[in-house]
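Quick notes on the structure that follows.
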Amino acid sequence: MAIPQKKDSTPETGVLQNKPSAKAAEHGDHDRIVMASRKADGSMDQVAPEFIGDKDVALAAAKEQLGQQAASAVDVAARGVTDKAGNGEGSSEPDADVQALKEAQDEAVKVAESQAEREVNDRHQGLGD
């Protein structure tokens with residue numbers, strides 16, 4: 001069985017080559033994802049991510065993910081990470097601090113959901129066929 005000889009020319013795609021070129025840098029590495037991994041600041045933790053698969057699923061996942069992260073960030077900023085529970089006695093009256101926190105979380109979720117829409121719309125590449 002003969003081993004085929006390696007072609008001397010670089011393919012037009014710039015993917016397979018003996019020496020790196022500027023054309024290879026244009027195509028570089030990237031991650032194909034359905035749902036993003038997130039850094040603590042909410043930014044995506046992939047290399048030039050490209051969403052694949054059903055766009056509605058990717059959008060729903062990004063909205064949920066960023067919404068939860070944004071609401072949690074508001075909560076931590078307002079109350080810190082430690083529990084400041086009182087003596088265990090509660091009240092049936094609405095707490096103004098809790099209501100203000102809830103409103104801030106809702107606003108953060110709206111901002112996060114629009115960020116998710118922008119990310120998915122900018123980076124979605126189809127069903128990955």
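The values are calculated or read from the model by the stated rules, or taken from the named source; none is laboratory data. Keep in mind that this is a model prediction, so the values were computed, not measured. Cβ placement follows ideal geometry from the backbone for every residue including glycine, while neighbour counts extend to all protein chains displayed.
With the condition kept exactly as written, say whether any residue in region 24-37 is modelled with pLDDT of 65 or more, part of a strand (DSSP E or B) and at negative phi. Within region 24-37 (the criterion being modelled with pLDDT of 65 or more, part of a strand (DSSP E or B) and at negative phi), the answer is yes, since at least one residue qualifies. Residues in region 88-97 include none that are at pLDDT 80 or above, in a loop (DSSP other than H, G, I, E, B) and among the acidic types (Asp, Glu).
Summed over region 56-68, the residues that are closer than 22 Å to Gln99 by Cβ and surrounded by 16 or more Cβ atoms within 10 Å (Cβ to Cβ) give a count of 1.
Only residues that are part of a helix (DSSP H, G or I) and either farther than 17 Å from Val74 by Cα or small (Gly, Ala, Ser) (or both) were counted across region 104-129, and they come to 12.
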